[in-house]
Every structure is written in structure tokens, then in C-alpha cells.
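The values are calculated or read from the model by the stated rules, or taken from the named source; none is laboratory data. It should be emphasised that the depicted structure is a prediction, and the values quoted were computed from it without experimental measurement. Note that each Cβ is placed from the backbone with ideal geometry, even for glycine, and that neighbours are counted across all protein chains shown.
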């Protein structure tokens, strides 16, 4: 977690956070959507809402074919510009973020979500605002919790899950990324990861509007 106001990190398992890279799964929807909006492949956020709000492992079909519409060269250009992960987009155009070609560290995922929040990615402000607006969120008078989940199978057939996003209280954002792994390949890690996020944040004083 990164406390933006204090510039302070809270990290569990530093080597895994900094040095271990994994396929991003559906967290890559953030980049696909940004590129599609930036290049005009998508005109608005209407077709994104279903894909982002569905937090199951494989999601719905709203974004199937989007990679082909964008084109591999264009996706590669933007991934290179973002310096996202190992920048390897080998494999099928609409699944390389699942099949362990493209890999990213937790540190890079945290950087992506922080820059998205502040409109600091190399996209127009409008695509960044639209993507922030379609991400799953819990909103009430005390806090705003915004997140994106993803899940893949590792090379050794373990389930690997991501939850990344931010919690905002009194206009102060705190950015987080959770990376979890289990030998149970059938386990749905999205709900579990979100549960872990909340169980970590709650004892730290979040969700009461006092941060």
C-alpha cells in the first residue's frame, strides 16, 4: 500500500513485490480500455461497464475482439510507452495477458493504478477519467474503494490472483495491490483477494471516514 499524502509504503514480502512478475490477467483490461478510447476504437465507456463490473475470473464477452480491433502494433507501442512489465505480447492478440507471455510486478501494477488516479498516464485525460468511472467501486459517505481484479494460471498450474486499486477518505488516496497464489487451480481468487484487502485495511483504521 502507498499512502500518497505521507509518501509511505507498507509492504509484505518485499522480494515478491519488487522482483516477481506474473501475467496480469483481467487487470490488463485497464490498459486495453485506455488504448481503445485513446485511439477511437471505442467512442465511450458504454461497452466497458459490463466487462469491468464483472469481477469473475473470465468475465463477460464485452471486450472479446478488442485487441484485434486495436492491432498488435498499436498495443505494443502503448505497452512500450508505459514501460509495463516485460513488454512481451507474444501469443494470441486477445489472450497474451493470460498466457504468461506478458508479465508484470506488483510494484509496476501499483505504479499503473497511481498514475491512472492522477491522470499521469500518457493518455488524454478523458480516457483515464472514463476508465476510472467504470471500475468496480464501493462508495458511501465515509470512503470510496475502487478496484480491479484479475486471475491467471501460472506455469506450474497454480491460481494467481490480483486486486489493485485505491481507497479514498477525505480526498486522501491510498493505493494498494494484492497478489495471491494457491495450488488450487479452480479457486476463484477475486472475492478472496478483495476480502483480504478489506481485512488488512480495516484494522489500519479505514472505512470510518477518519483517515
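One residue stands out in segment 1-27 among those that are within 20 Å of residue 118 (Cβ to Cβ) and outside any loop (DSSP other than H, G, I, E, B): the one that is farthest from the chain's Cα centre (by Cα), namely 8.
Of all residue pairs spaced 6 or more apart or on separate chains, those with beta-carbon atoms under 7 Å, a first member in segment 124-150 that is on the phi < 0 side of the Ramachandran plot and at pLDDT below 95 and a second member that is in a helix (DSSP H, G or I) and surrounded by fewer than 20 Cβ atoms within 10 Å (Cβ to Cβ) are 134/49; 136/53.
Residues in segment 108-119 that are in contact with a helix residue (DSSP H, G or I) (Cβ under 8 Å, 6 or more places away or on another chain) and surrounded by fewer than 19 Cβ atoms within 10 Å (Cβ to Cβ): 117, 119. The criterion of being assigned to a loop (DSSP other than H, G, I, E, B), on the phi > 0 side of the Ramachandran plot and either touching a strand residue (DSSP E or B) at 6+ places or on another chain (Cβ under 6 Å) or modelled with pLDDT of 90 or more (or both) holds for residue 100.
Which one is nearest to residue 97 (Cα to Cα) among residues in segment 118-147 that are touching a strand residue (DSSP E or B) at 6+ places or on another chain (Cβ under 6 Å) and in a strand (DSSP E or B)? The residue in question is 147. Of all the criteria given as (1) buried (at least 18 other Cβ atoms within 10 Å of the Cβ); (2) part of a loop (DSSP other than H, G, I, E, B); (3) out of contact with any strand residue (DSSP E or B) (no Cβ under 6 Å at 6 or more places or on another chain), the one not satisfied by residue 85 is (3).
Would you confirm whether or not segment 159-171 contains a residue that is without any contact (Cβ under 8 Å) to a residue 24 or more places away in the chain, surrounded by fewer than 22 Cβ atoms within 10 Å (Cβ to Cβ) and either assigned to a loop (DSSP other than H, G, I, E, B) or in contact with a strand residue (DSSP E or B) (Cβ under 9 Å, 6 or more places away or on another chain) (or both)? Among the residues of segment 159-171, at least one is without any contact (Cβ under 8 Å) to a residue 24 or more places away in the chain, surrounded by fewer than 22 Cβ atoms within 10 Å (Cβ to Cβ) and either assigned to a loop (DSSP other than H, G, I, E, B) or in contact with a strand residue (DSSP E or B) (Cβ under 9 Å, 6 or more places away or on another chain) (or both), which makes the answer yes.
Report yes if residue 79 is in contact with a helix residue (DSSP H, G or I) (Cβ under 6 Å, 6 or more places away or on another chain) and either closer than 22 Å to residue 17 by Cβ or part of a loop (DSSP other than H, G, I, E, B) (or both), otherwise no. It is false that residue 79 is in contact with a helix residue (DSSP H, G or I) (Cβ under 6 Å, 6 or more places away or on another chain) and either closer than 22 Å to residue 17 by Cβ or part of a loop (DSSP other than H, G, I, E, B) (or both). What are the residues in segment 37-57 that are out of contact with any strand residue (DSSP E or B) (no Cβ under 7 Å at 6 or more places or on another chain), assigned to a loop (DSSP other than H, G, I, E, B), at pLDDT below 80 and surrounded by 14 or more Cβ atoms within 10 Å (Cβ to Cβ), if any? Of everything in segment 37-57, those that are out of contact with any strand residue (DSSP E or B) (no Cβ under 7 Å at 6 or more places or on another chain), assigned to a loop (DSSP other than H, G, I, E, B), at pLDDT below 80 and surrounded by 14 or more Cβ atoms within 10 Å (Cβ to Cβ) turn out to be 45, 47, 54. Among the residues of segment 189-211, those identified as part of a loop (DSSP other than H, G, I, E, B), surrounded by fewer than 16 Cβ atoms within 10 Å (Cβ to Cβ) and touching a residue at least 24 places away in the same chain (Cβ under 8 Å) are 208, 209, 210. For segment 58-73, the candidate set comprises residues that are outside any helix (DSSP H, G or I) and modelled with pLDDT of 65 or more; within that set, the residue that is surrounded by the most Cβ atoms within 10 Å (Cβ to Cβ) is 63. Within segment 29-46, residues that are without any contact (Cβ under 8 Å) to a residue 40 or more places away in the chain have Cβ atoms under 8 Å from residues that are part of a helix (DSSP H, G or I) and surrounded by fewer than 18 Cβ atoms within 10 Å (Cβ to Cβ) in these pairs: 36/69; 39/74; 41/69, counting only partners at least 6 apart in sequence or on another chain.
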